[in-house]
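Read-outs: derived from the displayed coordinates by stated rules, not from any lab. Nothing here was measured: the structure is a model prediction, and the numbers come from that model. Please note: Cβ atoms are built from the backbone with ideal geometry, for glycine as well, and neighbour counts cover all protein chains shown.
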Amino acid sequence: MSEWLLAAKSAAESLVHFRGLLEALRKLVEAGAPKDEIVQKLKEAEQQVSSAEAHMAQRLGYEICRAHWPPVVMLEKEPRLWCCPECGRQVKSATLNAGSLHTESKWRI
Ligand SMILES: [Zn+2]
């Protein structure tokens, strides 16, 4: 299975889980749940989205910064040099990543 299909499958699974969190949140709000409970569900939803984003980014060839949880997607500053947009940490990859989006052919399925 191509990395694109794996990423799409992973994103679809995350969306299903995220939808469940949103439904739970809606029910809490409708039931007049305490603010703390609602905030906790919102934090869970945020973490779910961030984890899914990092997982999908890895599948697409991005590096992730492990100095945070959920992990932060690093941006390729120049070929093989990745930089974390949150903490500025830089990582050099030994080889050009096979999943790099810099080659147009990777966009084709
Ligand atoms: Zn970082």
Task: Residue, farthest from the chain's Cα centre (by Cα), within the stretch 45-73, restricted to residues that are within 16 Å of the ligand (Cβ to nearest atom) and of a type in the set (A, V, I, L, M) - done: Ala67
Open item on the list: Can you tell me which of (1) of a type outside the set (Val, Ile, Thr); (2) within 8 Å of the ligand (Cβ to nearest atom); (3) within 24 Å of Leu6 (Cβ to Cβ); (4) over 14 Å from the mean Cα position of the chain (by Cα) is the one Cys87 doesn't meet?
Closed with: (3)
